[in-house]
Structures are given as structure tokens and as C-alpha cells.
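Undergrad: Here it is, the structure, as C-alpha cells.
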Amino acid sequence: MKAYKNRHLTTSGMTALISCFLLFSCNNDDLLDNGNNGHTGESCDYICFGMSPGENVPTRGNAGNNGSGYTSDRFVLRAGDSADTLCVRAVVSDGIDGSAFEGETPVTRSAPVSELSTYGSFHVLAYWKKGGTLVEEQFYMDEDVTEQGSNLWSSTNTYYWPGTGHTFQFYAWAPVDAANLTTPSSPTVTTLEYTVPDDVSEQKDILVATTAETAGNYNSTLPLSFRHICTAVKFTTGSQMQPGTIKNVALKGVRNSGTYDMATDSWTLDAATGDFSQSLEKIMSGSETSGSEITTEEGTFMMLPQTLPANAMIEVVFNDGTTGTERTFTAPVAATEWPQGKTVTYRLSISPEYNMSIDCEDKVDAHYVIQEIQIKADCDWTLASDVEWLTFTDYSYDTSNPANRPLGLNGYWIRSERGTQTFSGSGDKTLYAYYDENAGENNREAKLTLSYAGNGRSADGNTKTITQYCPAWSGDAGYERFEEDDNTYPFGFAWDRNVTFTARPALSIGQGNFFTQLFGAYVFDYIADDIITEYSASDYITVTHTTRDIFFVTWITSTSVTIDYSKINSIESGQISNSDGLSNTRYLYNVNSAGQVSTIENRLRDNAVGNFTETVTKDTYGDTPIDQFAVRMIAKKNEFQKRQRTSDDGSITYWEAYIESDNIHWYLPASIEQNALSNGLVEGVDTPLEGTYWSSTATSDNVNSQAYMYDANGNLTPAHRMDTHKIRAVRKKP
């Protein structure tokens, strides 16, 4: 419909000054720093336009390309036929991102615009009311406005302010030639109908400006502020990019048509969806910094603002530069937001094809714990803990020197062997996680992250959250929460084991140090003397020799060390309590060095010299190893120390684990003490008491050799000390 032209025009070609600016990616100062060059606010008897900053117009400072904005979501794209992963971070930033354009040549692609001169023109409609009634037959003004230079814009025809009794509302949009855009045909319509073109080069950054109702005698330059009505969607690199080619990116199943009401600044979208893709053939070296462009400015998708529908997804086709394998990654993005007038940047992190997993329990008990972890991976990796109280080691050591074997392999929690918070390796591997005790009031969590390392960067491969529980407090003491060890053990102190270790000279050089082996009987004698002195063990350890006279000299030809366990069974009357399990445990661990007896045997074995033999002459209860008795197994839930020992002659150096009595905090409860402890166990969370358990209370009758066991209901029964029952550790509050 033809616009109204004032019949008093002296010439239809008179220039109308229209000074308009696009603010969305520009600082206000950039646009107004030339005083009145834009003619804003000047008196004018014909209709002309100036620029208004607006209240919500983003500037370069908050709509740039440098990663500003907020992360709206994260996605992991999977290749259907491989273990490749592509991690996606969606970042929403204010404004339509775009750099300032050089010169004034209009672009023909979908690049975001930061200056109105980019398009070179815009279209204006003037909705006209006479006497308060809308003139429905025609627009007062329906013209394209073009830039003439020096910030001057003009239409072909000139339109004068008609005076009082008339009002106008102005609606403008750019570009004037946007494909698939249907504009109002009469003053009764204020909507634009738009379908996003399939070809990204035809997708325009559509701009709209509106004014409030303006009096017909305004006679001044009218402020006009443009806004972006679409959403820009682009792709950049994330923190990890492997060498290869990004062949194609696509947005699938997104709404692609709708109606925009210029009067209310609102979209009504159709239910139909469409797919949009672009072929890139973007070569990636693998050394790109985060935020490097994947889609160019001209390749920015200009989409309709929306909450993405149920089947919406991102698709990326990537050709691996190392293997030459082409992978298609997809990720659902349903229910995420594409806000109007903003830029959504999908940051892609592509990691090489790999398989990685962390295999371990996701909960551990409150005491000191050594947990075995299986790492499954076909690549280089790093395992990291986010807390200081969880560290890793692999117990690697020089196997040619058994004396340096980590004591953790024997179940001793020793701080100097606990490793570090990060551990790097390659391929499948067994690690050991060290957890400090949690003697607090609350459970605590640690996060394990297994990452692939490549090109100096890392990409998340797998994570696991571990919960370490606190004790099941009941008053001032509490049980451990679980029974990770469901074995049964004897109470001990009724042994009859008798074992003899013998060393004789060895003439084979291949057995180690020649002289040490040749004089093995002498070296072993020194070791035995050290042990007897250290543990005050002369009551139950004896040393015998065989000799031979050679050239008038008597030589020791064998040294035998015999341990008679029946001599360490006596428990002194008055040393055992029925209510203080901690004192019982400390006493039983140290009496006659019972807690160290197995250490003695292991030291003799680990430091075997010469021709070494081990002979058991008696062991009625031999089905259970001598070092596995109730109090000792409980004591190993505490933190131990390690110390280095050297034989008197200096020929043998070794490490041993030890614990001072005062450092035993986890203990076997006394016979009466156990009654109230079960109240702290949480049904459905903690392992319930089932079966029978040893208390730390033994009778002083060393002939019948009995100690008290209890059942799940707290009932006490005396039992032979070499019977086997379950054990459950207790801790008092610090």
C-alpha cells in the first residue's frame, strides 16, 4: 500500500536526514562522540530519525568474543561406533557477537552486525492515527532508508510532521532483503513472519526498532533504537582438541519458523522443526587455544530464540588426523535455552579414541583404609584426587632388594608410603588408594578424576565419587560402618605352633652376595640376636648351631632359630577389662610382643641367607596364619610407622612396621562395652551385626584358654581362644 505524502512538498526529492546507529555491540561513546553529527535532538519540521542508546543494549565490553557470558549447559557427544568423546560447553553471552566491520560494504553472509552501515539500509513503517483513530487504509510512511555517508540517512521522499491531532508509531527493520521474511501489508498488522533459510549464508541478523506513540507536532529528530531479534549460534574450540578435520557441524530438530510481533517484542513459534548444517573442512592442528574459531563470523547460524524441543541435537562430523577414522558425534540439547538477542557458543573439546574406567568401591570405612583400584585404559592417563586425605601409590620398588618391599603390601597403613594426590600411568594398572581416618561427626566425599593426557592438555575420561563414612557413633564411641573383611579369626593366645628357620652356607654365587651367602650361618645368627634383643624374646625364641672343625678352627655350619608360640600364651590376671576395650587391645597387642611375632617370622624369611629352610614341627591350628588373630587384625586399622633396622654386623638392612600403644585408636570392644555400640548403626546403610564376634575380654584361665564372644543381641559366651569368630573395630571420639 502506498504511503501518504504531504501535498505541500516543494519537491519529492527533498532529502530527509535520518541518523541511525546500531548499538548492540558498540560502546555508546563510539556512536555519539561527534556531537550533533547524528542530528539527535535537533529541531526538524520533517520526519527524521536519530539514535537512542536504550536500556538493555549490550556494548563491546559485554558482548565480545573473548568468552564472556555464562555456561548454560554441558554435554558429552558420543560416537556411536567408538569410544571417542566430544565434550561440549554451551556459553551464552549478551548481544550478538561480532567484530566491527571494515569499510561500509554490506556483507552477503550471515555474519552478526555491529554497525547499521553493514546493511546499508533499513525499512521504516509509520503507523498513523488521526484524532486518536488508526488510519487503517495506509501507512503514513513506508520507505527504505539508505545511508548517504557522513552518518546521514535519507529516503527517496520527504515526510513532514502533520501537526496536532495526529500521532505516529514507527517500526523499522533491517536488512530490507532478508529471505523468507514477510512484512506487514497494512497498519492493522505489526508482525513479521519468518522462516530461517536452510543455507547459512542466507540467514541474516535481523534488527528491529520501534518507538512509543509520538505526537504529530514532535518536530524533532526521533530517537530510534535497533535490537537483534534472532539468536546467534556458533562453534569454537574448548580446552582439548586433537589433530584432525571438523568436516561438518549441524543443528538438528530445532524450530525454524514463527511470527515476531514488533509491538510486543515477542515470538510465537510454529511447531515445525528443521535441520541446519554447514560443511567446514576445518583443519585442526591440536594446538589451538581455547576459544579458537571453528565456524567463521560469516558462518554463524542465525536461529529463532527458543527453548529447544525434545528431539533437538548437535551433530559434529570429525576426521581423526592420526587414524584417519571419521566419527559422527551427537548430543541431545533438548530443553536448553537460545535467548533472543544473545550469542550461544558451543565450545567443542575432542579427545582421542580411548577407553578408561576406574574400578573400585564407592564407599569406604572411617578407619585408615588401603583400597585397591583397578585402572582400565588404552592410553596415557592421570588419576587425581581432589582432597588431601586421599592419595595413590602403585607400590613400585626394586624387586631385587626384598628389604625395600613396601610394608603396605602387608596391610600396614604408613604415611610415608601413601603416595600423592595425582598419579600418572599408561594402560591397565593396579593402584592403592590411601584414606586417612575420618574420626569426625560427618561423612565426607572425595572425587577421583581419570584424565587422558595429550598435547600438554587433559580431557576428562572418567570420574568417581567416594564417600568415606564417619564412625557409627553411639555416645562417645562408635563401630566401623562396614565389614569389608568378612573372614573369621581366632582370639589367639592359645597357640602351639613351633617353627624352626635354618641357614647354612651357600656356595652358589647366583644367590646374591657371595660372602654373605658363604657365611650365611653367621649372618643369620646376627639377625636372630638382633630380634631377641629388640623384642625381649628370649623366653620363646631359641638359637642353636651346628659346628665343624676345619684346620683346627671350629666353624658354624648352620644356625637354627626356633619360635615356640606356646610360651607367649599367658595373659596376666588383672590386665583385662570387661568395659575398656581400648586398654585391652593395647595390652594384648604388646604382651610378649604378640603383635610383632608375625613380623619376626617375616623378617627371618625376608632376610634369608645361605641355604635357608623353614620347618614347622607343630601347629594344631595351622589353617589360620599365625599373624591373623583378632587383636592384631584390628590394630592394623590404625596408622603404623616404619623404621629401618640393620644387623649388628651391618650386612642386612630392612624395614619393619611398628605402632606405639598410644597410637592404637581403633580397637576390639570389651565384653560389656559392646552392648550399647550397636545403637549407632544405621539400618539400610551400615552392615548390621550378624553372627558372633570376639570381644577383647579374655578370661585369666590360661589353662582352659577362653575369651568372650558376643552375638548380634549382645549376649556373651566364653569360647576357646582358637575358635574363629568375626571382628568389628570401635573408635572413641577424639
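What follows draws every value from the coordinates through simple rules; no lab data is involved. Since this is a predicted model, take the numbers as computed values, not measurements. When we count neighbours, we look across all protein chains shown, and the Cβ atoms used for this are built from the backbone with ideal geometry, even at glycine.
Undergrad: Would you mind ranking 96, 556 by Cβ crowding within 10 Å, fewest neighbours first?
TA: On the way: 96 25, 556 18.
Result, fewest neighbours first: 556, 96.
Undergrad: Can you list the lysines whose alpha carbon sits under 19 Å from that of residue 282, skipping same-chain ones fewer than 8 residues off?
TA: By straight Cα distance, residue 282 reaches 234, 247.
Undergrad: Using modelled amide H (1.01 Å from N, peptide plane; none on Pro or chain starts), what sits under 5 Å from the amide H of residue 327, excluding residues fewer than 5 places away?
TA: It is 318, 319, 320, by chain and number.
Undergrad: Give me a comma-separated list of calculated 3J(HN,Hα) values for region 116-129, in order, Karplus coefficients 6.51, -1.76, 1.60 applied at θ = phi - 60°, integers in Hz, x for any Gly or Pro.
TA: Along region 116-129, the couplings run 5, 5, 4, 8, x, 6, 8, 10, 10, 10, 10, 8, 10, 10 Hz.
Undergrad: Would you mind checking which residues have amide H under 5 Å from residue 611's amide H? H placed 1.01 Å from N; only 5 or more apart, or other chain.
TA: Residues meeting the amide H criterion: 504, 506.
Undergrad: When the Karplus curve 6.51 cos²θ - 1.76 cosθ + 1.60 is applied with θ = phi - 60°, which whole-Hz ³J(HN,Hα) does each residue of region 469-474 get, with x for Gly and Pro?
TA: My calculation for region 469-474 gives 7, 8, x, 7, 4, 9 Hz in order.
Undergrad: Give me the distance between the Cα centres of region 669-687 and region 351-427, rounded to whole Å.
TA: Distance between centres, Cα-based: 32 Å.
Undergrad: Still on this structure: Rounded to the nearest 20 debye, what is the charge dipole size of region 345-405 about its Cα centre when +1 sits on each Lys and Arg Cβ and -1 on each Asp and Glu Cβ?
TA: Working: 4 positive and 12 negative charges, 20 e Å.
Approximately 100 debye in magnitude.
Undergrad: If the reach is capped at under 17 angstrom between alpha carbons, list the lysines near residue 618, excluding any in the same chain fewer than eight residues apart.
TA: 567
Undergrad: While we're here: If packing is taken as the average count of other Cβ atoms within 10 Å, what order do 298-309, 265-276, 396-407 fall into, highest mean first?
TA: 298-309, 265-276, 396-407
Undergrad: Looking only at region 361-470, where both bridge partners belong to it, what percent of the DSSP beta bridges are antiparallel (to the nearest 5)?
TA: Values: 33 of 35 bridges.
Expressed as a percentage, antiparallel bridges in region 361-470 total about 95.
Undergrad: Give me 665, 228 ranked fewest to most by other Cβ atoms within 10 Å of their Cβ, as a rough exposure proxy.
TA: 665, 228
Undergrad: Also, quick follow-up: Convex hull volume of the Cα atoms in region 267-354, per residue, in Å³?
TA: It is 129 Å³ per residue.
Undergrad: Ranked by Cβ crowding within 10 angstrom, fewest neighbours first, how are 645, 731, 347, 227 ordered?
TA: Ascending number of Cβ neighbours within 10 Å: 645, 227, 347, 731.
Undergrad: So who's got an amide H within less than 5 Å of the one on residue 145, skipping anything under 5 residues away but keeping other chains? H placed 1.01 Å off N, in plane.
TA: 122, 123, 124
Undergrad: Let me ask you something else. Could you tell me whether region 524-614 comes out rounded, prolate or oblate from its Cα gyration tensor? Rule is a ≥ b ≥ c as square roots of the eigenvalues, rounded for a/c under 1.5, then prolate if a/b exceeds b/c, otherwise oblate.
TA: Prolate.
Undergrad: For residue 618 and residue 146 in the same chain, what is the full-extension length gain: residue separation times 0.36 nm, less their Cα-Cα distance, in nm?
TA: Value of the extension gain: 159.0 nm.
Undergrad: Moving on to the next point. Does region 361-470 classify as rounded, prolate or oblate by the C-alpha gyration tensor (a ≥ b ≥ c root eigenvalues; a/c under 1.5 gives rounded; else a/b over b/c gives prolate, otherwise oblate)?
TA: Verdict is oblate for region 361-470.
Undergrad: Size of the dipole of region 361-470 about the Cα centre, Lys and Arg at +1 and Asp and Glu at -1 on the beta carbon, nothing else charged, in debye to 20? Write out the running numbers ahead of the final one.
TA: On the way: 10 positive and 17 negative charges, 31 e Å.
In total the dipole reaches around 140 debye.
Undergrad: On to the next question. Does a label point 7 Å from the Cα of residue 699, set along Cα-to-beta-carbon, have any residues of region 575-599 with amide nitrogen under 19 Å, and which are they?
TA: 575-579
Undergrad: Mind jotting down the distance between the C-alpha centroids of region 294-311 and region 325-344, whole Å?
TA: When both Cα centres are located, 8 Å separates them.
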